[in-house]
Amino acid sequence: MTETAAPVTERGSPGALAARLVNWRRGAYRFRQSRLSLIGLAIAAFLAFIAVFGPWLAPHQDQVAGAVDTALRFRPPSWAFPFGTNDVGQDMLSLVLAGARISVLAGLAVVVIGAVIGTLVGATAGYAGGLVDETLMRFTDLTLTLPSLILAMAIAAALGPGIGNMIAAIAVSWWPGFARLVRGEVIAKKHEAFVDAARAAGARPARIVLRHILPNIVSPVIVKMSLDVGFAILTVASLGFVGIGVLPPTPEWGSLLSVARGYMPDYWWTAIFPGFAIFLAVFGFNLLGDGLRDVLDPKARR
Amino acid sequence: MLRYTLRRLILLIPVLVGLSVLVFAVARLLPGDPVRLAAGPNASEAEIRNLATEFGLDRPLPVQYWSYATGLLRGDWGVSIYTRRPVAEDLRIYLPATLELVVAAMLLAVMIGIPAGLFAAAHRDRWPDYASRVFSLGAISMPRFFLGLLLQLAFAMWLGWLPLGGRFPLTEDAPATITGFLTIDSLAAGDLHAFGLALRYLALPAFAMCLSPLATITRMMRASTLEVLQQDYVLTARALGLSHRLILFKYVARNALSATLTIIGLYFGFLLGGTVLVETVFDWPGIGLYATKAIVTQDFMPVIGVTLSIGVLFVTVNLIVDLLYGVINPKVRYE
Amino acid sequence: MAALLEIRNLSLAMRTYEGAARVLNGVDLSVGRGEIWGVVGETGCGKSLTGLSISRLVPTPPGQYLGGSILFDGRDLLQETEDGMHALRGRHIGMIFQDPTTNLNPAFSVADQMIDVAMHAGALEPSLLGVAAGASRGERRRSARQLAIRMLDRTGIPNAGQRIDDYPHQFSGGMRQRVLIAMALIGRPELLIADEPTTALDVSVQAQILALISDLVDEYNLAVILITHNLGVVAQLCSHVAVMYAGAIVERGSVRSVLKRPAHPYTQALLASLPTAGTRRGELKGLTGVVPNPFVVLPGCRFAPRCPSAQPRCLDRYPAMIEVEPGHLVACVLSEGL
């Protein structure tokens with residue numbers, strides 16, 4: 001059965017679209033005003049670019065795959081090797097560039113998967129209410145009391161090495177945050193007029209949630225996603241540092257740092273550059289996330 | 001106040017039960033065969049089966065949970081397949097070390113963060129505020145293990161002021177164990193030399209840990225201070241002549257503290273689980289390091305033990321925060 | 001007797017994103033001890049800002065005083081230093097605001113808040129606390145507490161000695177307003193500024209609070225400025241009234257002369273719009289039009305666009321204040337001929 005009497009706030013109607021456009025334009029203006037947000041956007045774009053094209057940008061692509069050149073071990077930074085070389089003569093610049101791909105893409109994947117699972121759980125809990133809500137939320141809250149890093153480590157170790165397993169392991173500790181957010185938003189929207197209208201027109205609960213409620217709560221979810229990417233990248237690097245997740249020769253910033261530890265302080269460049277890369281990535285995405293939040297969530301304005 | 005406290009304590013019980021079930025379920029659901037690992041590559045099937053029975057792994061799941069749960073209450077937290085010691089004993093050794101680190105880091109974060117937040121709010125939109133915002137974002141983004149490494153490079157390797165790692169020099173006599181906190185124990189024994197040593201070893205790891213909560217506490221304090229400054233009762237206080245300093249440090253501070261208190265409680269929990277990396281960098285003998293080794297060897301009793309104790313501590317700290325909330329905001333007590 | 005407070009030609013602009021809003025345009029007011037002045041007007045006419053200006057509580061920026069003076073006991077408060085103002089607030093000028101719920105700090109007991117005010121006033125005038133000059137802080141706090149209990153008792157809080165240690169949320173709305181009044185008067189100020197003190201209260205409680213204020217005026221010989229939009233309150237309590245429109249006082253004088261013989265068309269319209277016992281259904285007479293735009297200041301009378309008796313010369317220049325009766329002044333060209 002189709003819903004014929006769609007209220008004005010319904011997504012897709014001309015009035016709503018025009019209103020959204022105005023909001024977006026105003027938001028984009030505010031975003032441009034904030035210098036920090038623009039810097040964040042620049043860094044994030046730069047990293048995204050490297051993440052996609054990294055392996056081809058690296059000057060020594062063979063080394064990314066694992067080739068070594070022990071004659072050139074531990075060369076300090078120079079024109080030939082801007083980031084120096086490591087213990088087996090590999091060019092640090094190439095490794096760091098290639099590492100961007102793993103850290104950034106894995107971080108994004110974690111956030112997306114966490115958001116999807118969290119939204120499913122949260123929307124179900126929020127819309128269904130009652131016992132379903134109670135149970136799901138108790139479960140979510142309990143999961144939140146567990147130490148997320150240790151949990152991710154344990155699961156990743158149990159699943160075995162590999163990027164997919166690592167992403168899955170981290171995503172498991174990521175979804176509760178989204179679940180709570182989405183639940184709160186769904187509960188807030190549940191009682192609005194357009195939901196009643198849809199229900200009166202005979203729409204099934206799943207359809208109401210998917211087509212009507214979810215599109216209206218996209219904003220806070222996007223804000224949280226963008227704020228979380230930085231920390232997801234940090235978690236990926238953390239797992240790499242501890243030695244769980246990806247195995248050599250796959251260059252991952254955290255594991256590069258871990259190896260470099262043993263060569264301090266003499267060969268400082270083997271640690272400084274991967275470490276700084278992690279910092280830059282997290283910082284850039286955090287700036288971006290902060291800026292997006294200022295734009296999309298007017299309640300959070302200073 | 002008493003009734004409020006009792007109510008909160010009673011609510012704690014189902015949470016703790018739920019926690020134990022959850023941890024047990026996750027541990028059992030994970031793939032991996034620690035028995036096989038512990039038995040070694042040359043063990044025969046019979047030996048592995050015997051080992052399994054010895055560890056009680058052949059019985060049905062609910063029975064296993066029951067014996068596990070009752071064991072927990074009795075103080076029997078299983079045995080570490082790796083160290084061959086009871087987990088409870090391992091925890092008794094390693095947990096205070098981590099707690100000392102986390103408490104030190106939180107103390108630093110609170111002592112610097114709260115005044116910094118008040119200061120930033122009092123100078124809103126001027127350069128100290130702007131600078132603190134950038135610094136906060138940078139501090140949260142900095143990976144703890146990289147920061148630890150940098151601190152080691154700077155203060156231990158290049159400047160030589162502070163030790164590289166560990167908790168106490170092996171060549172010296174540690175004070176008698178009362179709390180497990182080297183700092184407190186050495187003070188209790190009146191051993192100032194040991195106290196100084198303990199502090200020197202604590203300094204770098206604590207600092208590496210404190211940056212993240214410091215940044216968040218500053219931001220939170222700033223935000224809630226600004227919000228409080230808008231309130232009507234602040235206008236009334238000003239209208240009746242109370243001095244700016246009195247208003248800020250007595251009234252506004254207490255009103256703004258409640259939101260920050262929640263953050264402090266949450267961060268305590270986060271830090272407990274997050275010491276893994278710093279303990280690795282600084283060779284700090286805490287539960288982070290213990291858990292890491294256990295994870296790598298798929299020794300799940302210690303992992304369960306660590307996870308559970310962190311969960312329990314987290315819930316307890318939040319309870320304390322709730323109680324403190326009742327002190328700061330009297331309305332809450334009467335709900 | 002010289003007036004305690006004299007506001008002369010006070011003009012205030014607020015700098016906003018859209019420009020400078022002229023919120024006060026030449027306010028003139030004169031208040032003496034023992035007088036209860038009601039300042040009435042619609043929302044946005046500037047009455048609250050006038051009250052806040054006296055205590056210099058208007059933040060500057062975005063506020064900017066364009067001219068005029070506020071003479072309190074001979075001193076121009078606009079020229080006063082912040083320290084000087086600090087010494088006046090609470091001790092010579094007391095203030096209470098509209099919503100008793102939000103004006104008391106929820107995290108502190110009433111005792112805490114009142115003692116702090118008493119200590120502040122006591123530092124400026126030790127005789128208030130009744131202790132010797134070299135008294136210790138503890139002694140001063142103890143007698144400040146006693147003073148606070150006496151004030152609470154005076155403003156009608158039963159069992160003041162015990163209730164003083166309660167928290168604000170344990171009092172009812174009317175009680176809280178009494179607490180606030182006690183707090184405002186504990187320093188024995190000469191001037192009390194009350195910004196809509198009864199608007200948030202029930203009608204019955206309102207009457208009690210108004211009666212309390214009246215008693216206190218008699219007892220302490222206070223000068224009171226009562227800011228309100230409610231003419232009924234003015235009629236009940238005030239001795240004098242000043243009618244404000246668009247940032248300026250258009251008519252002022254004793255309550256009797258202004259309410260019985262209103263000379264300004266705005267005052268007349270306000271009084272006419274009040275429903276009386278004889279008003280029939282559907283007969284409410286409101287005012288047409290809207291308040292003028294504060295960003296654009298045209299010459300001439302600001303009420304003219306809405307005035308039923310407006311004439312062309314009303315738009316030429318701002319009318320001067322004319323005394324139509326002793327003590328009764330009006331800013332309207334229509335009264336010029338009289």
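The values are calculated or read from the model by the stated rules, or taken from the named source; none is laboratory data. Please read these numbers as outputs of a predicted model, since none were measured by experiment. With ideal geometry, Cβ positions are generated from the backbone for all residues, glycine too; neighbour counts draw on all protein chains shown.
Which of the following residues is under 20 Å from the mean Cα position of the chain (by Cα) and closer than 30 Å to residue A:181 by Cα: A:107, A:99, A:130?
Answer to the check: A:107.
Could you tell me whether any residue of region A:203-218 is more than 14 Å from every other protein chain (Cβ to nearest Cβ), touching a residue at least 24 places away in the same chain (Cβ under 8 Å), among the hydrophobic types (A, V, I, L, M, F, W, C) and under 20 Å from residue A:144 (Cα atoms)? No, there is no match, as no residue in region A:203-218 is more than 14 Å from every other protein chain (Cβ to nearest Cβ), touching a residue at least 24 places away in the same chain (Cβ under 8 Å), among the hydrophobic types (A, V, I, L, M, F, W, C) and under 20 Å from residue A:144 (Cα atoms). Among the residues of region C:92-104, some residue qualifies, meaning at least one is surrounded by fewer than 19 Cβ atoms within 10 Å (Cβ to Cβ), in contact (Cβ under 8 Å) with a residue 40 or more places away in the chain, within 13 Å of residue C:179 (Cα to Cα) and not charged (D, E, K, R).
When region B:236-249 is limited to residues that are more than 7 Å from every other protein chain (Cβ to nearest Cβ) and buried (at least 19 other Cβ atoms within 10 Å of the Cβ), the one that is nearest to residue C:113 (Cα to Cα) turns out to be B:237.
Please indicate, with yes or no, whether at least one residue in region C:177-191 is basic (Lys, Arg) and in contact with a Ser or Thr (Cβ under 7 Å, 6 or more places away or on another chain). Among the residues of region C:177-191, at least one is basic (Lys, Arg) and in contact with a Ser or Thr (Cβ under 7 Å, 6 or more places away or on another chain), which makes the answer yes. Residues that are within 25 Å of residue B:317 (Cβ to Cβ) and outside any helix (DSSP H, G or I) were ranked within region A:118-148; the one that is nearest to the other protein chains (Cβ to nearest Cβ) is A:147. Could you pull out the residue among C:246, C:269 that is touching a Pro at 6+ places or on another chain (Cβ under 6 Å) and surrounded by 15 or more Cβ atoms within 10 Å (Cβ to Cβ)? Answer to the check: C:246. Taking residues in region C:76-87 that are more than 11 Å from residue C:55 (Cβ to Cβ), and partners anywhere that are among the aromatic types (Phe, Trp, Tyr), the pairs with Cβ atoms closer than 8 Å and at least 6 places apart or on different chains are C:78/C:65. Candidates are the residues of region A:286-302 that are facing chain B (nearest Cβ under 8 Å) and at pLDDT 75 or above; the one that is farthest from residue A:241 (Cα to Cα) is A:290. When we screen C:57, C:52, C:10 for residues that are farther than 28 Å from residue B:253 by Cα and modelled with pLDDT of 90 or more, the only hit is C:10. Residues satisfying the criterion are absent from region A:120-143 (criterion: surrounded by 17 or more Cβ atoms within 10 Å (Cβ to Cβ), in contact with a strand residue (DSSP E or B) (Cβ under 9 Å, 6 or more places away or on another chain) and either under 26 Å from residue A:276 (Cβ atoms) or of a type in the set (D, E, K, R) (or both)).
Restricted to region B:121-160, and to residues there that are assigned to a helix (DSSP H, G or I) and more than 11 Å from every other protein chain (Cβ to nearest Cβ), the residue that is surrounded by the fewest Cβ atoms within 10 Å (Cβ to Cβ) is B:127.
Looking only at residues in region B:279-335 that are of a type in the set (Gly, Ala, Ser) and at the interface with chain A (Cβ under 9 Å from one of its Cβ atoms), the one that is farthest from residue B:254 (Cα to Cα) is B:294. Figure legend. Inter-residue proximity from region B:66-91: first residues among the β-branched types (Val, Ile, Thr), second residues part of a loop (DSSP other than H, G, I, E, B), beta-carbon distance below 8 Å, spacing 6+ or different chains. Indicated pairs: B:79/B:55; B:79/B:85; B:81/B:55; B:81/B:297; B:81/B:299; B:87/B:77; B:87/B:78; B:87/B:80. Would you be able to say whether some residue in region C:310-323 is touching a strand residue (DSSP E or B) at 6+ places or on another chain (Cβ under 6 Å), of a type outside the set (A, V, I, L, M) and within 19 Å of residue C:39 (Cα to Cα)? Within region C:310-323, one or more residues are touching a strand residue (DSSP E or B) at 6+ places or on another chain (Cβ under 6 Å), of a type outside the set (A, V, I, L, M) and within 19 Å of residue C:39 (Cα to Cα).
Does at least one position in region A:240-250 carry a residue that is surrounded by fewer than 17 Cβ atoms within 10 Å (Cβ to Cβ), at pLDDT below 80 and more than 22 Å from the chain's Cα centre (by Cα)?
Yes: one or more hits.
Checking each residue in region A:226-264 for being within 8 Å of chain B (Cβ to nearest Cβ) and more than 20 Å from residue B:281 (Cβ to Cβ) picks out only A:230.
Yes/no per residue for (1) more than 30 Å from residue C:106 (Cβ to Cβ); (2) buried (at least 24 other Cβ atoms within 10 Å of the Cβ):
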position: B:269; (1), (2): no, no
position: B:275; (1), (2): yes, yes
position: B:280; (1), (2): yes, no
position: B:283; (1), (2): yes, no
position: B:290; (1), (2): yes, yes
position: B:296; (1), (2): yes, no
position: B:307; (1), (2): yes, yes
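Considering region A:198-215 alone, what residues qualify as being in a helix (DSSP H, G or I) and either buried (at least 18 other Cβ atoms within 10 Å of the Cβ) or among the charged types (D, E, K, R) (or both)?
Those that are in a helix (DSSP H, G or I) and either buried (at least 18 other Cβ atoms within 10 Å of the Cβ) or among the charged types (D, E, K, R) (or both): A:198, A:199, A:207, A:208, A:209, A:211, A:212, A:213, A:214.
Scanning region B:144-168 for residues that are touching a residue at least 12 places away in the same chain (Cβ under 8 Å) and more than 24 Å from the chain's Cα centre (by Cα) gives B:155, B:156.
For first residues located in region B:126-137 and farther than 14 Å from residue B:211 by Cα, partners that are at pLDDT below 85 and of a type outside the set (A, V, I, L, M) and lie 6+ apart or on another chain with Cβ distances below 6 Å form the pairs B:129/B:123.
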